[in-house]
Structure formats: structure tokens, C-alpha cells
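Right, one structure below, let's go through it.
The values are calculated or read from the model by the stated rules, or taken from the named source; none is laboratory data. This is a predicted model, so every value here is computed, not measured. When we count neighbours, we look across all protein chains shown, and the Cβ atoms used for this are built from the backbone with ideal geometry, even at glycine. Side chains included, ligands, DNA and RNA excluded: accessible areas come from the protein's heavy atoms. Shrake-Rupley method; radii C 1.70, N 1.55, O 1.52, S 1.80 Å.
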Amino acid sequence: MKKKAFITGITGQDGAYLAKFLLEKGYTVYGGYRRTSSPNFWRLEEFDLMKDVELMEVDILDTGNLIRTFSKSEPDEVYNLAAQSFVAVSFEKPVLTGEITAIGATRVLEAIRIVNPKIKFYQASSSEMFGKAQEMPQTEKTPFYPRSPYAVSKLYGHWLTINYRESFNIFGCSGILFNHESPIRGIEFVTRKITDSVARIRKGTQEYFEIGNIDAKRDWGYAKEFVEGMWLMLQQQNPEDYVLATNEAHSVREFIEHAFGHVGVTIQWKGKGPEEYGVDAATSKTRVKVNPKFFRPTEVEVLLGNYEKATRELGWKPRVKFKELVEIMQQRDIERLS
Ligand code: NAP
Ligand code: G4F
């Protein structure tokens with residue numbers, strides 16, 4: 001019989017990649033989207049998945065709604081990807097972030113416990129939980145030090161997943177995923193903000209863009225590969241938690257340089273700190289300006305993940321690394337404008 005999967009947050013980046021992957025595996029895929037005056041299915045449309053996914057209106061702020069949804073769809077696996085996922089916004093909307101990202105996970109787990117505790121559960125945990133990292137690189141055993149309301153909320157969902165596993169024997173896995181990007185990444189995240197801006201500058205419709213902390217370093221991987229790891233976690237004999245990462249850390253500055261490099265522009269940096277800016281070495285035109293308005297009250301300076309456990313137990317490995325990722329994203333944003 002066909003397996004059934006339910007994805008909360010189907011309209012997000014990972015929702016689209018995971019839906020595509022599970023459909024290719026032969027699953028019936030149900031996707032939860034929240035009610036808005038005009039729901040936003042651009043990613044599912046871009047992947048041509050609208051006719052293949054069973055869309056259901058569901059909000060992870062509403063437990064009864066989740067219970068009815070799981071009763072109707074009867075999934076074998078639930079992937080909880082829904083979240084207020086933007087770290088910067090979590091400082092401005094900490095209560096809402098907690099409601100969606102922390103208590104939301106509780107509601108999903110409660111619905112599973114009530115409807116069918118045999119449903120396998122994936123929780124989208126985050127490397128942000130390591131925050132002010134206590135060791136390099138970070139593994140499943142590294143102590144957490146969250147640095148934003150988002151990261152604190154994710155830590156709550158993470159521990160709750162472990163607690164439901166231990167208390168109620170729920171097959172719950174927490175994927176501690178480091179940053180993963182793609183051409184369908186939300187435009188507010190730094191990678192896509194850069195590739196979209198570089199494409200516009202190349203086209204001549206934008207002169208420069210503003211940016212925050214260019215010395216922050218992240219371990220950036222490719223979303224398409226990370227969703228495979230989510231599925232693998234739920235296929236194991238026993239539920240456990242796994243880090244998915246690339247084990248390479250690069251700065252925002254390097255990302256900018258490579259993105260411009262892809263369109264034949266060399267960036268030269270001038271000034272310092274909040275006064276720093278980048279010019280096109282050939283024309284001296286300013287193309288990037290640091291603006292402190294994008295600095296965060298507390299920053300996560302560097303994240304670097306060790307994915308050895310995932311390789312050993314799941315057979316999972318990242319294939320696309322930093323430079324190729326920048327190129328994939330940059331190329332797609334150029335195509336979008338042509
Ligand atoms: P995303 O693109 O921001 O997608 C988040 C999804 O959550 C969207 O579909 C959003 O719906 C939905 N959502 C928000 N509030 C909701 C609510 N109240 N009820 C139902 N749905 C709601 O995030 P992503 O990059 O795909 O990431 C997927 C998950 O992995 C998130 O939980 C994120 O925190 C976590 N994560 C991501 C990364 C990464 O680097 N991408 C790394 C570690 C962990 P709308 O479209 O309506 O806004
Ligand atoms: O792209 P970001 O906003 O991603 P961040 O904060 O690392 O969070 C993402 O990855 C997490 C996994 O570690 C996920 F859990 C989370 O849901 C999300 O997907 O920022 C990356 C870095 C930060 O250090 C930020 O300060 O880039 C720096 N940055 C510098 N200028 C900027 C900007 N970030 C954004 N969004 N916009 C800027 O202009």
C-alpha cells in the first residue's frame with residue numbers, strides 16, 4: 001500500500017523539495033498550508049506539484065484543526081516544517097515566534113498522540129540552537145547556547161520531541177539542520193537576498209544592495225539534499241537525532257564575492273565595520289553597503305557542522321558544496337530576470 005506523508009509548512013522552501021522527493025518515492029503527499037487572503041503556492045507551482053499534492057488548510061496554532069486534519073489524512077509520517085523561521089523577525093515578534101515555532105511543535109505532537117501515536121514524526125530543529133557555539137565543529141552532543149527567540153523556540157521543539165519519544169514512545173526524530181539554501185529560498189534570507197540583488201545589478205535595474213554583518217559564517221548546504229536526510233531519519237529502526245551539514249563554514253562576505261564573481265564582477269572592500277562598502281573593481285561603482293539596521297541584537301558568529309553520524313547511520317552525505325551552491329542560486333536568479 002502507498003505510504004502517506006503529511007508536511008506542515010508545504011509552502012516553504014523545504015516543503016516543496018520534500019514533497020517532490022516523497023512523490024518520487026511513491027508516497028501520497030498531504031501538505032498543510034495556513035489560511036491567508038491569498039495563499040502563496042509559487043514554489044509548488046515552480047516545481048509543477050500543484051496537481052500531485054493533496055493540499056489541506058491547517059494552522060499549527062490550532063490543535064483541534066491538526067487533530068481533524070490527521071484523522072482525515074491518516075498519515076504514516078508527519079514532517080513538521082512549519083515555523084516562523086526568520087531569526088531577525090523573532091527579535092521583533094518573540095511571542096508569535098514562540099507560539100508557532102515552539103508550542104506549534106507541541107500541538108503537532110499532541111495531535112499525533114491523540115490520533116495515532118504510531119505516526120512517525122520529524123521535527124525541523126536547527127543549528128541556530130548551537131548559537132554561541134561551545135565547540136567546533138558542532139555534533140549531536142554539543143551543548144546548546146541559543147542566541148535568539150527563534151533559536152530558543154527551536155530548542156523547545158527539539159527537547160519536546162525527545163520527551164515525547166521517551167514519555168509516550170513516539171517515533172520522533174529531530175534533524176539538527178545547518179543552513180540549507182536553494183533557488184527557492186525566501187528572499188529575506190541572506191543568500192537569496194544576495195543572488196537576487198546581483199542578478200538585478202547585472203540587469204541594470206538595481207544599483208547596489210544593503211547588508212548586515214558580512215563576517216558572520218555559516219555552513220551552507222543544498223536544500224534538495226537535506227530533505228533526503230529528513231526522510232532517511234524516519235526509515236531507521238530506532239528514532240534518533242542527526243546533524244545534517246557540509247562541514248564547511250564560509251562568510252557572508254565570501255558569498256557576496258562568489259555571487260558577483262559568477263557575473264564577472266570583482267568586489268573590492270573599502271572602509272571598516274558599519275562604514276564598509278564594496279565597489280566593482282573595474283568601474284569603482286558601489287555595489288554593496290553595510291547598513292547596521294540589518295545587525296541583530298545578538299549574533300551567531302559562526303556555525304560549522306559535523307555530519308559523521310548521518311553518514312555512518314543514514315548513509316547521508318552532502319554533494320553540493322559552497323561554490324556550486326552559489327552558482328546554482330545565482331544562475332537561477334539571472335534566468336528569472338531574462
Ligand atoms: P520557510 O521557507 O520559512 O517555510 C516555513 C513554512 O512554515 C511556510 O510554509 C509557512 O507558511 C509555514 N508556517 C508559518 N507559520 C505557520 C502556521 N502558523 N501554521 C502553518 N504553517 C505555518 O522555511 P524552510 O527554510 O522551508 O525551513 C523549514 C523548517 O526547517 C522550518 O521549521 C525552519 O525553521 C527549519 N530550518 C530551516 C533551515 C534552513 O536553513 N532552511 C535550517 C534549520 C531548520 P507561509 O508560506 O504561509 O508563510
Ligand atoms: O540568512 P540568514 O537570515 O539565516 P540564519 O539567521 O542563519 O537562519 C537560517 O538558518 C537557520 C539554520 O542555522 C535556520 F534555522 C533559520 O530558520 C534560517 O533558515 O542569516 C545568515 C547570516 C546571519 O549571521 C545574519 O546576521 O547572515 C547575516 N546577514 C548579514 N546581512 C544577514 C544580512 N542576514 C539577512 N537575512 N539579511 C541581511 O541583510
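Lys193 contributes about 40 Å² of solvent-accessible surface, heavy atoms of the protein only, 1.4 Å probe. For the chain, with all protein chains in place and a probe radius of 1.4 Å, 48% of the accessible heavy-atom surface sits on carbon or sulfur.
For segment 273-314, chymotrypsin sites (Phe, Trp or Tyr not before Pro) meeting the loop criterion (DSSP other than H, G, I, E, B) and having at most 15 other Cβ atoms within 10 Å: Phe295. Which angle between 0 and 90 degrees, to the nearest 10, do you get for helix 190-203 versus the longest principal axis of the chain when only C-alpha atoms count? In the chain, helix 190-203 runs at an angle near 50 degrees to the longest axis. Summing charges over neighbours of Ala223, with a neighbour being any other residue whose Cβ is under 9 Å away from its Cβ, gives -1 when K and R count +1 and D and E count -1. Computed log10 I(q)/I(0) for segment 195-276 at 0.11, 0.22 Å⁻¹: -0.47, -1.11, from the Debye equation with unit scatterers placed on every C-alpha and solvent omitted.
Shown here is the pair-distance distribution of segment 129-273: with all Cα-Cα distances grouped in 5 Å bins from zero up to the longest one, the shares run 2, 8, 14, 18, 18, 13, 10, 7, 5, 3, 1, 0 percent. The value of relative contact order for the chain, using C-alpha pairs under 8 Å at least six residues apart, is 17 percent. Distant-in-sequence amide contacts of Val58, defined by a placed amide H-H separation under 5 Å and a gap of 5 or more residues or a different chain, comprise Tyr33, Arg34, Arg35.
Could you give the angle, 0 to 90 degrees to the nearest 10, between helix 63-73's Cα long axis and the longest principal axis of the Cα atoms of the chain? The angle comes out at about 70 degrees.
In this structure, Phe295 and Asn116 have a Cβ-Cβ separation that, at R0 = 56 Å, corresponds to a calculated FRET efficiency of about 0.75. Protein-only accessible surface at a 1.4 angstrom probe places the residues Arg200, Arg68 in the order Arg68, Arg200, largest first. Between Asn169 and Thr36, the FRET efficiency from the beta-carbon distance, with R0 = 35 Å, is close to 0.45. Note on segment 194-338: antiparallel DSSP beta bridges, both residues inside, total approximately 70 percent of the bridges counted. Quick one: how many Å² of Met56 are accessible to a 1.4 Å probe, rounded to 10? About 40 Å², ignoring ligands and nucleic acids.
Compactness ratio for the chain: Cα radius of gyration over 2.2 N^0.38 Å (N = residue count) comes to 1.00.
Calculated mean residue ellipticity, 222 nm, the chain: -11000 deg cm²/dmol, from DSSP H runs (n ≥ 4) at -39500 (n - 2.57) each, averaged per residue and rounded to 500.
The chymotrypsin sites (Phe, Trp or Tyr not before Pro) of segment 114-194 include none that DSSP puts in a loop with a beta carbon having at most 11 other beta carbons within 10 Å. In this structure, the amide hydrogen of Gln138, modeled 1.01 Å from its nitrogen in the peptide plane, lies closer than 5 angstrom to those of Leu304, Gly305, Asn306, counting only residues at least 5 positions away or on a different chain. Per residue, segment 1-94 exposes an accessible area of 48 Å² to a 1.4 Å probe, with every protein chain left in place.
Over segment 226-274, accessible surface divided per residue gives 41 Å², non-protein components excluded, 1.4 Å probe.
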